[in-house]
Amino acid sequence: MSFDFDTAVNRDGLNTAKWDVKPGELPMWVADMDFVVAPCIVDAVRARAAQPCYGYNETSHAWRQAVADWWQTRHGWAICTDEIQFCNGVVPAISSLVRTLADEGRQVLIQAPVYNHFYSSIRNSGREVISSDLVYDGDRYQIDWADLERKMADPDVGLFVLCNPHNPTGQIWSPGDLARIGELATDNGVIVISDEIHCDITDPDVKYTPFAVAAPHCPAVICVSPTKTFSIPGLATSAVIVPDGHLRSLVTAGLNRDEISEPNSFAQVAAIAAFTQGGPWTDEMRAYIKTNKDAATAAMSALGLHVVPSQATYLMWVDCQSLVGADGDATQFCDFLREQTGLFVSNGAQYGGPRFFRLNVGCPRSLVDDGMARLAAGVEAWRKSR
């Protein structure tokens, strides 16, 4: 490999949310990778930092063009630069969009299990969460089309938040699935917000389809960012893409109202470097993540845990039925695991999948191996304690 994915970076003393843990603990929870950042981004940030004025910034055409070119080249989506708005993060964008596009007290539709901040973004905005739960067959998830159609038709539902690719399951929705969602939304006057932040972290030779490509006539807002792919969430940079002009005017007003549309001094330079020079690093990262996922899947399968098959993200969604039973809650096991071994994973209850836990393998292989050894010890101790 041309890039370093094996070096474990010491993040102690940096006020890093992921690593704010007790000595000796191994955090494999929040979606924050532990790789050395791509050299092109480090060089760009250093060059900007060398210019000792860090004042207010405007959104540049170069940034918009870099976003458009990346999605055209890698994902076949032709975006007009006028359709792209800056936002300082996908979660802030979703929160703003909920406030802008759904009246207070109305229902916002999701598909559980799903990213936990969808719940908080909706509820903290004074709107009600309603879920068309994904159907789990003991191996993987599918959309419950009859239930989704019924809930889309509810006049109290005017907004649907989609996760594409899906977090936490790592599933890539097919073009057919996305087109059908678009048809249901259009027929029922429902606006779609598609969170596509994990779209570049797919298995080698696997592609995702942007929602706007599969459903071009559906009113939609697409949220993207380099922060997951390039492990730069601390630089607060994302793009909100709105093809429809009228909808775009509403979204732009909302982002400005919430004061989340002004880039900091490093947000655009990092994103431009990522999208114009970061392709080779991204492809090597994807291959490295796949080997981590394969190794972790084998280790967990040997422990009697089922890893839901996925083609995207560095997050693994793990079924704990063998430990907690078919109707059990893995929260107590996750707490036990951390207490006994120091391995910190995310309990599935916060995503709407209480029998599961989520594990992050976006890290050097040495940490994955350490995590699997701790998990094995924790599972053995758990079974002995029952």
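The values are calculated or read from the model by the stated rules, or taken from the named source; none is laboratory data. Keep in mind the model is a prediction, meaning the values are calculated, not measured. Cβ sites come from the backbone with ideal geometry, for glycine too, and all protein chains shown count toward neighbours. The accessibility values were calculated without ligands, DNA or RNA, using every heavy atom of the protein model including side chains. Shrake-Rupley method; radii C 1.70, N 1.55, O 1.52, S 1.80 Å.
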Does region 146-169 contain at least one residue that is open to solvent by 10 Å² or more (accessible area, probe 1.4 Å), farther than 20 Å from residue 94 by Cα, hydrophobic (A, V, I, L, M, F, W, C) and more than 22 Å from the chain's Cα centre (by Cα)?
yes
Does residue 7 count as of a type in the set (S, T, N, Q) and either more than 30 Å from residue 337 (Cβ to Cβ) or surrounded by 15 or more Cβ atoms within 10 Å (Cβ to Cβ) (or both)?
no
Which members of region 10-43 meet the condition of being at negative phi, part of a loop (DSSP other than H, G, I, E, B) and open to solvent by 70 Å² or more (accessible area, probe 1.4 Å)?
10, 12, 14, 17, 20, 22, 23
Select from region 275-326 the residues that are of a type in the set (D, E, K, R) and in contact (Cβ under 8 Å) with a residue 24 or more places away in the chain and list them in ascending order.
283, 284, 286, 290, 293, 319
Take the residues in region 356-375 that are among the hydrophobic types (A, V, I, L, M, F, W, C) and outside any strand (DSSP E or B); name whichever of them is most open to solvent (accessible area, probe 1.4 Å).
373
Between a first residue in region 115-129 that is without any contact (Cβ under 8 Å) to a residue 40 or more places away in the chain and a second residue that is surrounded by fewer than 17 Cβ atoms within 10 Å (Cβ to Cβ) and not in a loop (DSSP other than H, G, I, E, B), which pairs have beta carbons less than 9 Å apart while being 6 or more apart in sequence or on different chains?
122/128; 129/123
Checking the conditions here, which among 74, 64, 106, 46 is open to solvent by 70 Å² or more (accessible area, probe 1.4 Å), of a type in the set (Lys, Arg) and at pLDDT 95 or above?
46
Condition set open to solvent by 40 Å² or more (accessible area, probe 1.4 Å) and outside any loop (DSSP other than H, G, I, E, B), scope region 253-269, selection farthest from residue 16 (Cα to Cα): answer is 253
Can you tell which of 353, 378 is farther than 19 Å from residue 33 by Cβ, touching a residue at least 40 places away in the same chain (Cβ under 8 Å), part of a loop (DSSP other than H, G, I, E, B) and open to solvent by less than 10 Å² (accessible area, probe 1.4 Å)?
353
Complete set of residues in region 79-88 that are open to solvent by 10 Å² or more (accessible area, probe 1.4 Å), closer than 15 Å to residue 221 by Cα and of a type outside the set (Asp, Glu)
79, 80, 81, 85
Only residues that are open to solvent by 20 Å² or more (accessible area, probe 1.4 Å) and not in a helix (DSSP H, G or I): list them for region 270-306, please.
303, 304, 306
Check whether at least one residue in region 114-130 is at pLDDT 95 or above, open to solvent by less than 10 Å² (accessible area, probe 1.4 Å), of a type in the set (Val, Ile, Thr) and under 21 Å from the mean Cα position of the chain (by Cα), and report yes or no.
yes
Looking at this structure, is residue 193 open to solvent by less than 30 Å² (accessible area, probe 1.4 Å), β-branched (Val, Ile, Thr), touching a strand residue (DSSP E or B) at 6+ places or on another chain (Cβ under 8 Å) and part of a loop (DSSP other than H, G, I, E, B)?
no
